[in-house]
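Each remark here refers to the structure printed beneath this line.
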Amino acid sequence: MKIDGTPFRSIWVDETDHWSVRIIDQTKLPWAVDLVRLTTMEEMAHAIKAMLVRGAPLIGASAAYGVALAMRADASDANLAQALAVLGATRPTAINLRWALARMQALLQKLSPNARLAAAYAEAAQICDDDVATNEAIGKHGLPLITARAQNGRRVNVLTHCNAGWIATVDWGTALAPIYMAHDAGIDVHVWVEETRPRNQGASLTAWELGKHGVKHTVIADNAGGHMMQRGDVDLVIVGTDRVTRTGDVANKIGTYLKALAARDNGVPFWVALPSSTIDWTISDGLTEIPIEERAATEVTTMTGRALDGSIATIRIVPKDSPAANPAFDVTPARLVSGLITERGLCDANEAALTGMFSDLA
Ligand code: MRU
């Protein structure tokens, strides 16, 4: 997608040295587009953990390049194992991390050390290209959900939570891919962007990328989503996900579950967009089997923004002595999900439909 007319991916190999890895530091958005250069596996691990890069598919792609950087330093068996362990421990919920590392491991462990460096870069690049193609397919399969509601030039209002746009992937996004395609096709699509406390991925990232692409959107407080649905102002909900069980339970950013409940109560379709790399075929019960990341309490007790004097400021919003808890994801049971938008098509959120559509993976 484009930033001020210039096409970007969210991660790429530096055009000058052809080995270091460039990312957009997402902790700086929307205030600055800071293109950070990463040169070691440790720097990549930090970028994932501190959320300079985030979003399930991008976490996977970043980890793959982290392995490539590790192979540049030392392509021995011991260093490969160390890189897989360090990168694998960065974030627990998004299964794409484990998927990408398994793909790197499967390839590299059967090669001799002197063949690993070139192979690692090539595989990381392939993971990125595959992600772009996958998300484009998700967009095409999801597009009819929007066009079907746009009869006679009617505006279609989509509500989304967190950021499942192009900067959460390598390009296109998952939940936002059908929206970008609808917009590009001239459909009057408008997005209700939930701010997504505590880290505000909606307010900071989704609003930024939709704005840069010219898509109509309005930021709302997380708590406003149900009210909008009751008023008939939401035609459908589309969210991304960090892990889907083989039975169709969906882990996504904290607060997603409440929107699924509100959507069900108001008869609003609740769709989840995902690449098949987000499906964890080894588990069936999302509530008990998906690890939920617990992040720092300071993400809840503080907020960061641009002060009126133009500086970036972090302020405390909770009394000094009040403890805070910060579960970063929740699980929406499959029964609340209208359907899944995958790269192979629309799929019911249940085991029979998922294993039928992905019989080669399940
Ligand atoms: O903590 P984050 O910002 O990495 O969480 C991201 C999400 O929850 C996204 O909705 C999910 O990864 C899907 S991204 C296409």
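The values are calculated or read from the model by the stated rules, or taken from the named source; none is laboratory data. Since we're looking at a predicted model, the values are computed, not measured. Neighbour counts run over all protein chains shown; Cβ positions are idealised from the backbone, glycine included.
Remarks
- The set of residues in the range 18-27 that are surrounded by 15 or more Cβ atoms within 10 Å (Cβ to Cβ), of a type outside the set (Asp, Glu) and assigned to a loop (DSSP other than H, G, I, E, B) comprises Ser20, Gln26, Thr27.
- Meets criteria (among the small types (Gly, Ala, Ser), closer than 30 Å to Val318 by Cα, buried (at least 24 other Cβ atoms within 10 Å of the Cβ) and without any contact (Cβ under 8 Å) to a residue 60 or more places away in the chain) for Gly202: yes
- Residue that is nearest to the chain's Cα centre (by Cα) [pool: residues in the range 42-94 that are among the charged types (D, E, K, R) and part of a loop (DSSP other than H, G, I, E, B)]: Arg54
- Applying the condition of being of a type outside the set (D, E, K, R) and either within 14 Å of the ligand (Cβ to nearest atom) or in the same structural domain as Gly88 (by TED's automatic domain parsing) (or both) to the range 276-285 and asking which residue is nearest to the chain's Cα centre (by Cα) yields Thr278.
- Subset tally (residues that are more than 13 Å from Thr245 (Cα to Cα) and either part of a strand (DSSP E or B) or of a type in the set (D, E, K, R) (or both)) for the range 331-362: 9
- Candidate set from the range 249-274 (those that are assigned to a loop (DSSP other than H, G, I, E, B), more than 16 Å from the ligand (Cβ to nearest atom) and out of contact with any Ser or Thr (no Cβ under 7 Å at 6 or more places or on another chain)); member that is farthest from Ile95 (Cα to Cα): Gly267
- Yes/no for Ile23 being among the hydrophobic types (A, V, I, L, M, F, W, C), more than 27 Å from Asp249 (Cβ to Cβ) and not assigned by TED's automatic domain parsing to the domain that holds Thr169: yes
- Top-ranked residue in the range 51-82 [being without any contact (Cβ under 8 Å) to a residue 12 or more places away in the chain and either within 14 Å of Ser10 (Cα to Cα) or of a type in the set (Gly, Ala, Ser) (or both); ranked as farthest from the ligand (Cβ to nearest atom)]: Ala78
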